[in-house]
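The values are calculated or read from the model by the stated rules, or taken from the named source; none is laboratory data. Quick caveat, the model's predicted, so the values are computed rather than measured. Here Cβ is always computed from backbone atoms with ideal geometry, including for glycine, and neighbour counts include all displayed protein chains. To get the accessible areas, we keep the full protein, side chains included, count just its heavy atoms, and leave off ligands, DNA and RNA. Shrake-Rupley method; radii C 1.70, N 1.55, O 1.52, S 1.80 Å.
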Amino acid sequence: MSCVKRLFFITFLSLATPLHAASIQTHLDSINGPDPTVRAVAETYLNGIVDASMYINALLGANNKPRAFCLPSKQPLNRQRLADIIADTYHNAPTDKQDPTLNTGMIAIIGLTNTYPCKGDLQ
């Protein structure tokens, strides 16, 4: 994916999600924390990222633009799958790239584009 397209997608997500200022560390602490209310807010945030990701991807496809990521037809994107992608992307990054202040939505897009790249006629 081109740098410009990725930047556009990240910008869109950061504006489309209600908790765009949440760092990855804050989000991981929230989703794994003991407070059920805080966990529910973190889960709602993930739902927003899922919805925004699917919307912008469909919008790109509808406008004959290359999609940001291409999900396998039998594997829907849901909150738990996205949470796994985010955690894997962040924790498997080189140590010098694991900035705890990074936005969760940004890491989600990087993870989605790396996990589900579009190839050839799948676009």
Exercise. Whole-Hz Karplus ³J(HN,Hα) for the range 23-30, in order, using 6.51 cos²θ - 1.76 cosθ + 1.60 and θ = phi - 60°, x for Gly and Pro?
Worked result: 6, 4, 5, 4, 5, 4, 4, 5
Problem set entry | Heavy atoms of TYR55 accessible to a 1.4 Å probe, total area in Å² rounded to 10 | 130
Exercise. How high is the FRET efficiency between GLN80 and ALA58 when r is their beta carbon distance and R₀ equals 25 Å, given to the nearest 0.05?
Worked result: 0.75
For this session: Starting from the Cα of THR95, step 7 Å along the direction of its Cβ; do the same at THR44; then give the gap between the two resulting points in nm.
Result: 3.8
For this session: Using a 10 Å cut-off on Cβ atoms, rank the peptides 91-99, 63-71 from the highest mean neighbour count down.
Result: 63-71, 91-99
